[in-house]
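Notes for the one structure printed next.
Please treat every number below as a calculation from the coordinates, not as lab data. Because the structure is predicted, anything quoted here is derived from the model rather than measured. Neighbour counts are summed over all protein chains in view; Cβ atoms, including those assigned to glycine, are modelled from backbone coordinates with ideal geometry.
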Amino acid sequence: MALIDVCNGDADGLFAMVQLRLAEPGPATLVTGRKHDIALLERVAAQSGDQVTVCDISIDRNVAALSRILAAGATVRYFDHHSAERRFDHPGLAAWIDTDPSQCTSLIVDRYLSGRFSAWAAAAAWGDNLAASAQGLAAREGFDSETCEALKTLGESVNYNAYGDHDSDCLIAPAGLYRLLVRHRDPLDALAAEPVLRALDLCRRDDLAQALAVPPWREGATGRIWLLPDAGWSRRVIGPFANRRASDDPARAHAVARERADGALDISVRAPITRRRGADRLCATFGGGGRAAAAAIEALPAARFEAFAYAFAGFAWGDPGAAPA
Ligand SMILES: [Mn+2]
């Protein structure tokens, strides 16, 4: 019987798994990757009796591999906040799914563990740009403002580290980072003891400064779009930059496109923070996916960028079927 842990390589995925393994130490094999490695369950070869724990990857994008793992006789615990329309029942599957846009996987795991490692969960919520949720948890735990600032920096730095197209784009592979983090019950101890976290923060600030110097490609009443050149800094910072712009202007939607070496575009989309619905629907129209609040399109042909900008400008953000705001 083997323990197999599978998680997104961003702050939310890694910190969800850190919480679970702090609560339940065990010799687990970790499968993780960068943000764009969404089909992580495909890499899992499970056998009868194996226990697979999954955090922060979409069931919809992994449903075939999930079925195969369950059919092999493994049991699966699944924690997630991505769209789960293809979720199914199976005696070997236990799922904790909450797709509310105020939620992230680390917050779901925090509830599952009755708040044993809430500082990790708050840092993850900041990393997923869920400031209100993070502050709510921090207030409940009585964290002071210095602690909050440190947890926010940690979450944003580790979230930043998950972007990039290649391991060479970033300072440390998510799997290596996880092994450093899980040694610390308190994320503040991790910040003090692991120099790579400070280095990540400095790199993120440098990359953000480069992106913040780029003017919007198009700006309208309902949203803003940026177009970044293909470079190491733009590959790394596209998501954090989209989060920053969304936080700065919460009533408008945001899209950050980045040119790729092959001429196509990768696009990160953020719904308005005041109406966090629809990013996944808009991106699905162009072959992408994600969550209601934050989604992405990979490799959009450049010839379709105008069509995307048009759809983005006219998009009805908010709940489908709700009265127009
Ligand atoms: Mn997440």
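Longest exposed-loop-site-free stretch of the chain, with chymotrypsin sites (Phe, Trp or Tyr not before Pro), DSSP loop and at most 16 other Cβ within 10 Å?
Here the longest segment lacking exposed loop sites spans 89-216.
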Using θ = phi - 60° and the Karplus curve 6.51 cos²θ - 1.76 cosθ + 1.60, what whole-Hz ³J(HN,Hα) does each residue of the range 268-282 get, with Gly and Pro shown as x?
-> 9, 10, 10, 5, x, 5, 6, 9, 7, 9, x, 4, 5, 5, 4
Counting only Cβ distances under 4.7 Å between cysteines, those in the chain with no partner are CYS104, CYS148, CYS170, CYS203, CYS283
Correct semi-axes for the range 214-313, from √(5λ) of the alpha-carbon gyration tensor and rounded to whole Å with the largest first, are 19, 15, 12
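What are the membrane-span-like helices in the chain by this rule: whole DSSP H runs, Cα extent along the axis at least 27 Å, mean Kyte-Doolittle hydropathy at least -0.5?
What comes out of the filter, once short or polar helices are dropped, is none.
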Tell me the Kirkwood hydrodynamic radius of the range 42-153 in angstroms, computed as one over the mean inverse distance between distinct C-alpha pairs.
-> 15.1
Nearest-5 percent of antiparallel DSSP beta bridges in the chain?
-> 40
Please state the relative contact order of the range 214-313 as a whole percent: Cα pairs under 8 Å, 6+ residues apart?
-> 22
Range of Cα positions in the range 213-258 per principal axis (Å), largest first | 30, 18, 15
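Can you give the convex hull volume per residue for the Cα atoms of the chain, as a whole number of Å³? Show your work: numbers first, answer last.
On the way: hull volume 42.4 nm³, N = 325.
Here the figure is 130 Å³ per residue.
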Value at 222 nm in deg cm²/dmol, rounded to 500, when DSSP H runs of n ≥ 4 in the chain each add -39,500 (n - 2.57) | -12500 deg cm²/dmol
Could you pull out every residue, at least 5 positions away or on a different chain, whose amide H is within less than 5 Å of the one on LEU227? Hs are placed 1.01 Å off N in the peptide plane, and Pro or chain starts have none.
-> TRP217, ALA257
